[in-house]
Amino acid sequence: MIKVLISMLAASSVACAVFPAPSRSQSQTPMSQVATPDGRKSLVVAGGCFWCLEVLFEELKGVQFVESCYAGGSRAGVSYQEVCSGTTGHAEAIRVVFDPKVIAADDLLRIFFTIHDPTTLNRQGPDSGTQYRSAIFYADEEEKARAERIRKEIADEKIWQNPLVTTVEPLVNYTRAEEYHQDYYARYEKASPEERAKMNAGYCSAIIQPKVLKFRQKFAHLLKKSG
């Protein structure tokens, strides 16, 4: 069913704008100190703005939680400002923790290939740089083989007119993003007008919201709120 839906959902080419970070610091957590709950699996992918990806995966049945993060760079413990400079080698990414008895990793990857443009090298929409690259990060050989297999499946089905540029990379130097990035759009939806005025409301309403509404329509039967 999800294979069929892939061809129905055209991805929008969008990405986060670079906004100044709030002037507060946070101790960021490396992957080596992040535990996956028993019976759950995790998946780390990148495709432009992590705000855009995070909210979509969070709504899928079987997904326990999603966190925005940085992955694939030269060292752990980096900040948003450092990653935005494009000099650390990290990508803005998300970590999806899910129940494989409810939703398969294969299907999560298929969905991933429909909700961003995997054909634009180091770019999503107006934002460019290696931090916005399309990537799947693997923690072991099984995850690597799966990523390569699904990438080939998507390429063979010719869903996208141009060749895929999504990389398959080892998961190194994982760093959880600052707290103000977590659940950003979900918090925006629940915020009052006064609270939204202190957020990046223009970006949320113009870029993320249309993407979310389209996703909710096309994948309605896979969403937690569908019952």
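Key figures for this structure:
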{"item": "Spin-label model distance (nm) - VAL168 vs GLU194, 7 Å beyond Cα toward Cβ", "result": "5.2 nm"}
{"item": "Mean accessible surface per residue for the range 93-227, computed with a 1.4 Å probe while every protein chain stays in place, in Å²", "result": "48 Å²"}
{"item": "Calculated P(r) of the range 71-148 - Cα pairs past 22 Å, %", "result": "31 percent"}
{"item": "Peptides ranked, highest mean first, by Cβ atoms within 10 Å: ranges 75-87, 185-197", "result": "75-87, 185-197"}
{"item": "Whole-angstrom gap from the range 74-137 to the range 172-227, using each part's C-alpha centre", "result": "16 Å"}
{"item": "Extended-chain gain in nm, criterion 0.36 nm per residue less alpha-carbon gap, THR87 and GLN64", "result": "5.0 nm"}
{"item": "Ranked by how many other beta carbons lie within 10 Å on average, peptides 154-162, 175-183 from highest", "result": "175-183, 154-162"}
{"item": "Rounded percent of accessible protein surface that carbon and sulfur make up, the range 153-215, 1.4 Å probe", "result": "53 percent"}
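The values are calculated or read from the model by the stated rules, or taken from the named source; none is laboratory data. Because the structure is predicted, anything quoted here is derived from the model rather than measured. Every residue, glycine as well, gets a Cβ built from its backbone with ideal geometry; the counts of neighbours run over all protein chains shown. These accessible areas exclude ligands, DNA and RNA; they are computed on the full protein's heavy atoms, side chains included. Shrake-Rupley method; radii C 1.70, N 1.55, O 1.52, S 1.80 Å.
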